[in-house]
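Beneath this line is the structure, given in structure tokens, with notes to follow.
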Amino acid sequence: QVQFVESGGGSVQPGGSLRLSCSASGRIIRINAMNWYRQAPGKQRELVARISSGGRINYADSVKGRFTISRDNVKNTVYLQMNSLKPEDTAVYYCNLDYGLTWGQGTQVTVSS
């Protein structure tokens with residue numbers, strides 16, 4: 001079973017920044033595409049960013065220009081740098097594989113003034 005641990009969430013004001021981390025044992029982050037998802041209360045989980053095993057990156061339109069996904073193969077960690085945060089970014093953020101069967105606890109991001 002693949003187990004991911006998300007961290008780095010918190011509470012920030014609009015316009016602020018956070019850097020989320022997603023760690024796992026082994027080399028699974030290096031050899032697989034990785035995704036960041038988020039889920040706000042009452043809403044479906046949505047894909048916000050993806051990085052392929054070859055480094056190709058895609059973002060949801062709602063976060064383009066503000067979020068940056070990256071991967072550190074040495075640390076076996078994927079990151080999500082979030083800038084210019086908006087209240088609508090408030091959600092629990094999760095990382096997972098394309099075909100992940102289970103979900104971690106996620107990390108809470110709250111953007112409010």
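Scanning the range 16-44 for residues that are closer than 17 Å to VAL2 by Cβ, part of a loop (DSSP other than H, G, I, E, B) and touching a strand residue (DSSP E or B) at 6+ places or on another chain (Cβ under 9 Å) returns ALA24, ALA33. Going through the range 12-60 one residue at a time, which ones are open to solvent by 70 Å² or more (accessible area, probe 1.4 Å) and closer than 17 Å to GLN105 by Cβ? Of everything in the range 12-60, those that are open to solvent by 70 Å² or more (accessible area, probe 1.4 Å) and closer than 17 Å to GLN105 by Cβ turn out to be SER25, PRO41, ARG45. Residues that are touching an Asp or Glu at 6+ places or on another chain (Cβ under 8 Å) and either aromatic (Phe, Trp, Tyr) or open to solvent by 30 Å² or more (accessible area, probe 1.4 Å) (or both) within the range 66-93 comprise TYR79, TYR93, listed in sequence order. Residue selection: VAL63 satisfies the criterion of being closer than 17 Å to GLY106 by Cβ, over 11 Å from the mean Cα position of the chain (by Cα) and open to solvent by less than 40 Å² (accessible area, probe 1.4 Å).
Would you confirm whether or not the range 85-93 contains a residue that is among the acidic types (Asp, Glu) and at pLDDT 95 or above?
Going through the range 85-93, the residues among the acidic types (Asp, Glu) turn out to be 88-89.
Next cut, at pLDDT 95 or above only: 88-89.
Yes: one or more hits.
The values are calculated or read from the model by the stated rules, or taken from the named source; none is laboratory data. None of the values given here were measured: they were computed from a predicted structure. Virtual Cβ from ideal backbone geometry, glycine too; neighbours counted across all protein chains shown. The protein model used for the area step is the full one, side chains on, heavy atoms only, and it has no ligands, DNA or RNA in it. Shrake-Rupley method; radii C 1.70, N 1.55, O 1.52, S 1.80 Å.
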